[in-house]
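Novice: Structure incoming, see below.
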Amino acid sequence: MTLHELQQACAALRDEAPARIAAADSLDAWHELRNTLLGRKSGRLTELMALLPQLAKEERREAGAAVNALKQTLEAAFDARKGELEATASRGPTLDLTMPSRASWRGAVHPVSLVIDEIGDIFRELGFTVALGPEAESPWYNFTALNFPDNHPAMDMHDTLYLKDGGVLRTHTSPVQVRTLQSYAPPVRILAPGNVYRRDFFDATHAPAFAQLEGLAIDEGITFADLKATLAHFARAFYGQRTPTRLVPSYFPFTEPSGQMEVFFDVGDGRGARWIEIMGCGLVHPAVLESAGLDSERYSGWAFGMGPARIAMSRFSITDIRLFYDSDVRFLEQFA
Ligand code: DAH
């Protein structure tokens, strides 16, 4: 080792050190680097010092001064960097308060689902449970078992999509009545929500795919009085205890007698309170019970079917059913 070589080694260390010190971006990295360069046992500078005795006596003084100067330079650089790192650490993570915030979106239950849930709550207290059936249905469940005679004009309102395998997209939730009665022995009290399909134009009051809510109660000795009392109780629980209700005669192949329940209610469209139809209902036709394999002499019961979208429209003063299908958050947020 010559004096010249030692001076070159010092110069190399002086040149590379500043960038490495600046690159130490945490106190841990700083300690590690300081140990590498200035560590007492095996630091780079200590190694240079250990070389001094190899030099000729008259060169040692000059070399020692150079190594010492470098040591002071490096220590000063390390101290300065430590100060910076400690200052950043005490400030915590950097916050850019000018950054625009992210919009946070809170979802909400769809108004039609809100109505289904609320009606479900009312009937659950009366002992009803939820039953489901398939949307791709056989014509037997959708029509025959429900006492639609072949080619009966009542089927005109139930035109739908016909599937390749001979099935249909169900036009109402009433097939769930028969499916449930085939699987469970009376007493049966069920509520069957689900989507149904019809050949309808998509306008302010019709949709070709919409939700229905079916109700069914079957046991021994059930009469029209049970239907009337239960449905009137429901209408008052839903629309308000003072809401007048009435039953008006109607026709469905699967009920006899058939009716529709109406409530006297202001839907908020500016026309004031009037009678609003909220569901079709009736005593289950004996032919339906027999289709499901029940003895119609022993069992009787009642059923209803309603459209939760229509109910939601009257509930929330909505005049166009298509709003339910638009997925427009400005509409949906109002129900959050
Ligand atoms: N299924 C009928 C329809 O879609 C609605 C209905 C009426 C269901 C009377 C019933 C009922 O259970 O008793 O038009």
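Novice: In this structure, does residue 118 turn out to be out of contact with any Asp or Glu (no Cβ under 9 Å at 6 or more places or on another chain), surrounded by 12 or more Cβ atoms within 10 Å (Cβ to Cβ) and modelled with pLDDT under 90?
Specialist: Spelling it out, it is not the case that residue 118 is out of contact with any Asp or Glu (no Cβ under 9 Å at 6 or more places or on another chain), surrounded by 12 or more Cβ atoms within 10 Å (Cβ to Cβ) and modelled with pLDDT under 90.
Novice: Name the one entry in 108, 87 that is at pLDDT below 95 and within 24 Å of residue 336 (Cα to Cα).
Specialist: 108
Novice: Counting only residues that are outside the structural domain of residue 328 (by TED's automatic domain parsing) and of a type in the set (S, T, N, Q), give me the helices (runs of 4 or more DSSP H) lying completely in the range 1-112 with at least 2 of them.
Specialist: 3-23, 27-38, 57-91
Novice: Given the options 211, 207, name the one that is within 14 Å of the ligand (Cβ to nearest atom) and either farther than 16 Å from residue 280 by Cα or assigned to a loop (DSSP other than H, G, I, E, B) (or both).
Specialist: 207
Novice: While we're looking at this one, here's another question. Name the residues in the range 208-220 that are surrounded by fewer than 19 Cβ atoms within 10 Å (Cβ to Cβ) and of a type outside the set (Asp, Glu), would you?
Specialist: 208, 209
Novice: Among the listed residues 255, 223, 205, which satisfies the condition of being among the hydroxyl-bearing types (Ser, Thr, Tyr), exposed (fewer than 14 other Cβ atoms within 10 Å of the Cβ) and under 22 Å from residue 147 (Cβ atoms)?
Specialist: 223
Novice: Quick test of your reading of the structure: residue 183 fulfils all but one of (1) without any contact (Cβ under 8 Å) to a residue 60 or more places away in the chain; (2) exposed (fewer than 14 other Cβ atoms within 10 Å of the Cβ); (3) in contact with a Phe, Trp or Tyr (Cβ under 8 Å, 6 or more places away or on another chain). Name the failing condition by number.
Specialist: That leaves (3) as the condition not met.
Novice: For the range 161-171, give me each residue that is within 14 Å of the ligand (Cβ to nearest atom) and surrounded by fewer than 24 Cβ atoms within 10 Å (Cβ to Cβ).
Specialist: Within the range 161-171, 168, 169, 171 meet the criteria.
Novice: Here is a check on your reading of the model: is residue 232 without any contact (Cβ under 8 Å) to a residue 40 or more places away in the chain, surrounded by fewer than 19 Cβ atoms within 10 Å (Cβ to Cβ) and within 16 Å of the ligand (Cβ to nearest atom)?
Specialist: Answer is yes for this residue.
Novice: Within the range 214-234, which residues are farther than 16 Å from residue 122 by Cα and not in a helix (DSSP H, G or I)?
Specialist: 218, 219, 220, 221, 222, 223
Novice: Looking at the range 1-40 only, could you name the residues that are more than 28 Å from residue 59 (Cα to Cα), among the small types (Gly, Ala, Ser) and either in contact (Cβ under 8 Å) with a residue 24 or more places away in the chain or touching a helix residue (DSSP H, G or I) at 6+ places or on another chain (Cβ under 7 Å) (or both)?
Specialist: 22, 24, 26
Novice: Would you list the helices (runs of 4 or more DSSP H) that sit entirely within the range 235-336 and hold 2 or more residues that are over 24 Å from residue 178 (Cα atoms) and within 14 Å of the ligand (Cβ to nearest atom)?
Specialist: Qualifying helices (runs of 4 or more DSSP H): 308-316.
The values are calculated or read from the model by the stated rules, or taken from the named source; none is laboratory data. Here the structure is a predicted model, which means the values were calculated and not measured. Note: ideal-geometry Cβ built from the backbone for every residue, glycine included; neighbour counts use all protein chains shown.
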